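Take a look at the structure set out below.
The values are calculated or read from the model by the stated rules, or taken from the named source; none is laboratory data. Computed from a predicted model, the values in this text were never measured in an experiment. Don't worry about glycine lacking a Cβ; one is built from the backbone with ideal geometry, like all the others, and counts go over all protein chains shown. Surface accessibility is based on the protein's heavy atoms, side chains included, excluding ligands, DNA and RNA. Shrake-Rupley method; radii C 1.70, N 1.55, O 1.52, S 1.80 Å.
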Amino acid sequence: MIVVIRPDAAEPEATVRAITQVAARFDGIQVRPYKFSGEQDAFTEVHLIGPAAAVPTEPFEAIPGVLRVVRVSTRYRIIGRHGERAEAAGFEYNGVRFDNLTLNVLAGLCAVDTPAHVEATMSALCDTGIVTTRMGAYKPRTSPYDFQGLGRACLPYVFELAGRYGIRVVAMEVTDARQIDEITGALDTAGDPTGVMLQVGTRNAQNFELLKAVGQQARFPVLFKRGMGITLEESLNACEYVASEGNARIVFCLRGVKTHLGDPHRNLVDFAHVPVVRRQTRLSVCVDPSHSVGRMDPPADGIPDVFHVAGQGLIAGASSVLIDVHPRPQEALCDGPQALRLDQLPVFLRYVRRVRAAYEASVIDLQREGMGE
Ligand code: PEP
Ligand code: MN
């Protein structure tokens, strides 16, 4: 059962205390408050965990400051949308808003290799006005003989350069909970020049201990990449693991799924799932065209496949794009063949903005004409 507190409640904390007192009358019920920042308002919910089917709603509805009480039978208690309470939740992190209304392009190196490449990339981002990047330090590789990423050794210059070029958020994959401490330590030592969004998945999409660890920390938001060989439902449950541990600041990233039916692309593009994720959950959706397409073949119409695929995600309602770029793709130690060159970045950005504008205009038009339902 979920008790939703009015967004305009004078003292939400007092309402939470009153809910806790009423809940204490019922055996086996635990109380967990969650704060969300929705698209319109910030709001607080109190979740009653345990045998709540036997608990009446009326005593909670009578508490001043309570908006409504919802019985939830669905699996996604925290990340899900439940009937009327169809508020999409976004969040702001280090001055950057992540929600369904805000376009973010996280462009950067699949794997950090040299300080010079990091600097060239950050500088190009700065020139195009992008404040969000991706920088892989810990790389999960299929072969143990492939480059495994520079790990903690590169963190000091990655964070320092990010700060120098005005980058606010660095998406960085973690493959082990200890790396969260390494990132925390390096950011603290550098004096917090930037922010980090912890990327989890696709390979670790069901590493439940890692999911719990990213959920138990409150400092960093999470970019969850769907499992490449599991169902969408299983990936959404993985996000619920993160949220249930206390951290609901999650962006859900589609990145293609493994099947040879997607050949010659690296993965079968799954961006038709954007509206599904948005319907079933409150999470905003990111698409990763680089890991979906995985190559840079000559375009038939002057527009590379990674552009087209990013456009497909955006026109379906994704609001973030995660994209590999590299100053010298031919020298990249990981995933060079799928990276855009830095001179393609402004072109990509212009394309992304146009498609996003087309999406926004279509949504508004369809709503106006009453044809959106
Ligand atoms: C990545 O984004 O660097 C990555 C490894 O992607 P994925 O987990 O989707 O393969
Ligand atoms: Mn990669």
DSSP-assigned coil residues among trypsin sites (Lys or Arg not before Pro) in the range 233-285, each with at most 15 further Cβ atoms within 10 Å
LYS258
Plugging the Cβ-Cβ distance of ALA54 and ALA218 into 1/(1 + (r/R0)^6) at R0 = 35 Å yields, to the nearest 0.05, a FRET efficiency of 0.60
Could you list which residues have their amide H under 5 Å from that of ASN104, counting only those 5 or more apart in sequence or on another chain, with H placed in the peptide plane?
SER320, VAL321
Heads up, I need the accessible area for PHE271: 1.4 angstrom probe, whole protein in place, Å², nearest 10.
10 Å²
Zero-based 10 Å bins, Cα pair distances in the range 209-318, whole percents:
15, 42, 30, 11, 2
With the Cα gyration tensor of the range 70-160 in hand, convert its eigenvalues to equivalent ellipsoid semi-axes via √(5λ) and list them largest first in whole Å.
35, 20, 10
Accessible-area order (highest first, 1.4 angstrom probe) of the listed residues ASP127, ASP324:
ASP127, ASP324
Amide H neighbours of THR281 at under 5 Å, excluding residues fewer than 5 places away on the same chain, with H built from the backbone geometry, are ARG81
With every protein chain in place, the range 303-373: carbon and sulfur % of accessible area (1.4 Å)
53 percent
So, R0 is 25 Å and r is the distance between the beta-carbons of ARG178 and VAL276; what FRET efficiency does that work out to, to 0.05?
0.15
So what is the calculated 222 nm ellipticity per residue for the chain, using -39500 (n - 2.57) for each DSSP H run with n of 4 or more, over all residues, to the nearest 500 deg cm²/dmol?
-10000 deg cm²/dmol
Can you list residues whose amide H is under 5 Å from ILE230's amide H, if they're 5+ apart or on another chain and H is modeled 1.01 Å from N?
none
Residue by residue, what Karplus-based ³J(HN,Hα) values in Hz, rounded to whole numbers, does the range 5-10 have, using 6.51, -1.76 and 1.60 with θ = phi - 60° and x for Gly and Pro?
8, 4, x, 9, 4, 5
Which distance in Å, rounded to a whole number, links the C-alpha centroids of the range 190-269 and the range 344-372?
26 Å
In sequence order, calculated HN-Hα J values of the range 119-134 (Karplus, 6.51, -1.76, 1.60; Hz; x Gly/Pro)
5, 4, 5, 4, 5, 5, 5, 4, 4, 8, x, 8, 10, 10, 9, 10
Dipole in debye (nearest 20) - the range 260-357, about Cα centre, beta carbon charges: Lys, Arg +1; Asp, Glu -1
560 debye
Taking the dipole about the Cα centre of the chain, with the C-beta of Lys and Arg at +1 and of Asp and Glu at -1, give me whichever of ALA186, THR15, GLY163 is farthest to the positive side.
THR15
Positive end of the charge dipole of the chain (Lys, Arg +1 and Asp, Glu -1 on Cβ, about the Cα centre): tell me which of VAL287, GLN344, THR57 has its Cα farthest that way.
THR57
The range 218-285 - percent of accessible surface contributed by carbon and sulfur, probe 1.4 Å:
57 percent
May I ask you to list the GluC sites (Glu not before Pro) in the range 75-179 that are in a DSSP loop and have at most 12 other Cβ atoms within 10 Å of their Cβ?
GLU84
Over all alpha-carbon pairs in the range 1-63, figure out the percentage whose distance exceeds 17 Å.
35 percent
Semi-axes of the equivalent ellipsoid for the range 131-284, Cα gyration tensor, largest first, Å:
26, 19, 15
For the range 29-75, what ratio Rg/Rh do Cα atoms give with a Kirkwood hydrodynamic radius?
0.97
Cα convex hull of the chain, projected area averaged across orientations, nm²
20.0 nm²
Could you tell me the extents of the range 136-188's C-alpha atoms along the three principal axes, largest first, rounded to whole Å?
35, 20, 16
What's the center-to-center distance, using Cα atoms, between the range 118-188 and the range 1-69 in Å?
39 Å
What does the convex hull of the Cα atoms of the range 96-136 come to per residue, in Å³, rounded to a whole number?
65 Å³
Measuring from the longest principal axis of the C-alpha atoms of the chain, the long axis of helix 305-315 (C-alpha) lies at a number of degrees, nearest 10, equal to 20 degrees
When the convex hull of its Cα atoms is projected in every direction, mean area for the range 1-148 (nm²):
13.1 nm²
On the full set of protein chains, 1.4 Å probe, figure out the accessible area of CYS154 and give it in Å² to the nearest 10.
0 Å²
Output ³J(HN,Hα) for the range 12-25: one whole-Hz value per residue in order, computed from phi by the Karplus curve 6.51 cos²θ - 1.76 cosθ + 1.60 with θ = phi - 60°, and x for Gly and Pro.
x, 5, 5, 5, 4, 5, 5, 5, 4, 5, 5, 4, 5, 6
